[in-house]
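**Q** Next up is a structure, given as structure tokens.
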Amino acid sequence: MLKRIGILLIFIVIGVFVLSGCSDVSYVKVEHLDKTEASQGPGERDTWATAQKQGIGTANNDVSKVWFTLAQGALSEIYYPTIDRANSKFLKFIVTDGKTFVADETTDTVSKVEKINNRSLAYRLVNIDKRGRYKITKEIFTDPRRNSVVMKVRFEALKGKMEDYKLYLVYDPHISNQGADNEGYVVKANGEYGFMACRNNVYSALMTDAKWGSYSVGYNGVNDPVSDLKKNKKMTYKFDRAKGNIIEGIEIDLRDKTEFKTVLSFGESEEEALKTALSTLKDSYDRMLGIYIAEWNKYCDGLKNFGGEADELYYTSLMFLKASEDKTNKGAFIASLSIPWGEGQGDENKGGYHLVWARDLYHIANAFIAAKDIDSANRALDFLAMVVEKNGFMPQNTWINGDPYWNGIQMDEQADPIILAYHLKRYDLYEKLVKPLADFIVRVGPKTGQERWEEAGGYSPATMAAEVAGLVCAADIAKQNKDMERAKKYLETADKWQELIDKLTYTTKGPYGNGQYYIRIAGLPDPDADFLISIANGGGVYDQKEIVDPSFLELVRLGVKAYDDPKILNTISVVDSLLKVNTPKGPSWYRYNHDGYGEPAKGELYHGKGKGRLWPLLTGERGMYEIAAGKKADDYLEYMRNFANEGFGLSEQIWEDTGLPTDSASPLNWAHAEYVVLFASNIEGKVVDMPQIVYKRYVLGER
């Protein structure tokens, strides 16, 4: 293995030669083999793939604008030409003997994932049939020069002979974020078979360097290849064209090859997609993989390694974060390459988590700062400066081109970009970003339309911590720009609100502990009031004093309160008694009691009403508090490592009894950013993303 990787990495030394050493296919002669159109369309409603990804990947350059995800041992959503546009549900294999069994590799194998090289996002999937009959080994990455996903496949018979098995490759296209109205058809390009899928001027071309046996495209749940195989143990239909909710299927001729290359390529036209596919097939596999790995190695080599102490999850987290940036709209880092509970979500859910949240972007940028990737952090801030509206409003979230998706008013998202600008010393963004945001906070705050969990409005201790910190940072940037009048106004407002936090969010009449603690949110400017709040996602209606949230620790992390403030300590005790769960992999916390955002139970998908589960990123946040208290967070780092899956992905939520991921988003970039910042803070012995100017003002009293 190491010898092979060493050989591959030599290609980086001769980079110029490599990048120009193989010519692309310049001409393609296309023959359409669309004689028979599938009947009984448009097919049953389709969904997305599971959100639990074994890995994600893309080339670490701006040339190849395609991203892939892995789930259940197969390729799941693939994105092109931007990171918010999914074009597939799965590309997987089905195995049969044609007589007695049909096996789907996503459900009937034990799948193992590993990186081909630890400092890259190239993967090896090994899927072994649960009955021990066969093994499928796949190596997956993207062509670093083209818009292609490359998959080298080896099929092995573990029982019987090779001729006992038939191998089918099936592809479920969801072009441009939609399963409906996809058009699929068969072509011959320069004499080679290819399966096309298209919609809205996006074309995909599926080709292999192995010979094809039978093939067909049909309607989901009606006469598609998967349904056909499961029913008949062989492909009985042969349709050349279909338009609707389609699935395409190919029989791989194992008599020709048992190890072969598959490419799924994209373009703005049929010709472009086919040229790309043929060029990738023609190119040297080792050369493409070598460049892909070398580019990621170079990125990792440029990161802060903390004297060699940086671990696997640290590097993987930063690669995940870097891979989550759009390559057309620079600085647009999405929340996750997944659609939470995707198996229960259809075309109506076009956004999933492949959107940009200012809050998530703030945490991602802080991780880059901690790892000394300052360029990426600056691009993130520049994106936020592009997105903010003239009146100072920062949208709740956006598409990667900046268009708003939801429009809730979340005051922490108004403050986060200011704090980030302070960290990066971006005084040049005062007029464009900082001043509009700070003016909006002064005008609208301290009450928020939604707290950081995007569900409830009122007075939140976590949100107020962000507002106060943001205004103090804004005042500093205003001074750098000689705007003393606004600097004074920002500081006066921050000081006033810092003194109001307890009055607005700390109850003395609560039902838990000694009755004194920060509540999740106060619907009225009186935390002792008997005021009912409605918990989102079917969580119920409760008195505001009954609901607590670990988010209050933002008061400490942002330097607004001391770690040993009695009110902080009181609330920690209450939060731990209500929200902390010791899983087999380590402790974690609920977002708040009675949370409804999560699966109702195992085996049930979330459909707008459920039960919130534990959040690994909250384990990281507790570790950050320990560091603020002058302690080490080694245990919390270990807990987060335990929560990561085999591909080193950290999930949005985990199960209480196992500590294993639920079907919520994974990898969640906020969680990975939290790990990086926790790792750096633990080594440096301080909270590295704490704005020191805020800490000095309110904890040390230096005014």
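The values are calculated or read from the model by the stated rules, or taken from the named source; none is laboratory data. Because the structure is predicted, anything quoted here is derived from the model rather than measured. When we count neighbours, we look across all protein chains shown, and the Cβ atoms used for this are built from the backbone with ideal geometry, even at glycine. Remember, those area values only see protein heavy atoms, side chains included, never the ligands or the DNA or RNA. Shrake-Rupley method; radii C 1.70, N 1.55, O 1.52, S 1.80 Å.
**Q** Would you check which residues across the stretch 602-628 are among the hydrophobic types (A, V, I, L, M, F, W, C) and either open to solvent by less than 20 Å² (accessible area, probe 1.4 Å) or at pLDDT below 95 (or both) and list them?
**A** The answer is LEU605, LEU614, TRP615, LEU617, LEU618, MET624, ILE627.
**Q** Here's another thing I want to ask about it. Could you list, in sequence order, all residues of the stretch 132-149 that are within 21 Å of the chain's Cα centre (by Cα) and either open to solvent by 10 Å² or more (accessible area, probe 1.4 Å) or hydrophobic (A, V, I, L, M, F, W, C) (or both)?
**A** Scanning the stretch 132-149 gives ILE140, PHE141, ASN147, VAL149.
**Q** For the stretch 467-475, state whether one or more residues are more than 35 Å from the chain's Cα centre (by Cα) and either charged (D, E, K, R) or farther than 22 Å from ILE572 by Cβ (or both).
**A** Within the stretch 467-475 (the criterion being more than 35 Å from the chain's Cα centre (by Cα) and either charged (D, E, K, R) or farther than 22 Å from ILE572 by Cβ (or both)), the answer is no, since none of the residues qualifies.
**Q** Out of the strands (runs of 3 or more DSSP E) lying entirely within the stretch 190-299, which hold 3 or more residues that are in the same structural domain as TYR79 (by the TED database) and open to solvent by 10 Å² or more (accessible area, probe 1.4 Å)?
**A** 192-199, 212-219
**Q** Quick check on my filter: what residues within the stretch 300-327 are more than 15 Å from ASN682 (Cβ to Cβ) and open to solvent by less than 10 Å² (accessible area, probe 1.4 Å)?
**A** Across the stretch 300-327, the qualifying residues are CYS300, THR316, LEU318, MET319, PHE320, LEU321, ALA323, SER324, GLU325, ASP326.
**Q** Hey, which of the strands (runs of 3 or more DSSP E) in the stretch 57-128, taking only ones fully inside, have at least 3 residues that are out of contact with any Pro (no Cβ under 8 Å at 6 or more places or on another chain) and open to solvent by 10 Å² or more (accessible area, probe 1.4 Å)?
**A** 109-115
**Q** Among the numbered criteria (1) without any contact (Cβ under 8 Å) to a residue 60 or more places away in the chain; (2) out of contact with any Lys or Arg (no Cβ under 7 Å at 6 or more places or on another chain), which single criterion is violated by HIS423?
**A** (1)
**Q** Just checking, how many residues over the stretch 585-607 are within 30 Å of LEU553 (Cβ to Cβ) and assigned to a loop (DSSP other than H, G, I, E, B)?
**A** Of the residues in that region, 15 qualify.
**Q** Next question. Might you check whether a residue that is closer than 30 Å to ILE116 by Cβ and assigned to a loop (DSSP other than H, G, I, E, B) occurs anywhere in the stretch 690-703? Step through it out loud before you land on a result.
**A** Going residue by residue through the stretch 690-703, those that are closer than 30 Å to ILE116 by Cβ are none.
Within the stretch 690-703, none of the residues are closer than 30 Å to ILE116 by Cβ and assigned to a loop (DSSP other than H, G, I, E, B).
**Q** State the number of residues belonging to the stretch 391-405 that are surrounded by 19 or more Cβ atoms within 10 Å (Cβ to Cβ) and in contact with a Ser or Thr (Cβ under 6 Å, 6 or more places away or on another chain).
**A** The number of residues fulfilling the criteria is 1.
**Q** Okay, next question. Kindly list, by first and then second residue, each pair from a residue in the stretch 280-293 that is within 14 Å of ASP24 (Cα to Cα) to a residue that is polar (S, T, N, Q) and surrounded by fewer than 18 Cβ atoms within 10 Å (Cβ to Cβ), limited to pairs with Cβ atoms under 9 Å and residues at least 6 apart or on different chains.
**A** Pairs that qualify, where the first residue is within 14 Å of ASP24 (Cα to Cα) and the partner is polar (S, T, N, Q) and surrounded by fewer than 18 Cβ atoms within 10 Å (Cβ to Cβ), are LYS282/SER23.
**Q** What are the residues in the stretch 325-364 that are out of contact with any Pro (no Cβ under 9 Å at 6 or more places or on another chain) and farther than 30 Å from PRO173 by Cα, if any?
**A** Passing the criteria: ARG359, HIS363, ILE364.
**Q** Next question. Just checking, how many residues over the stretch 448-479 are of a type outside the set (S, T, N, Q) and either outside the structural domain of ARG520 (by the TED database) or free of Cβ contacts under 8 Å to residues at least 40 places away in the same chain (or both)?
**A** 2
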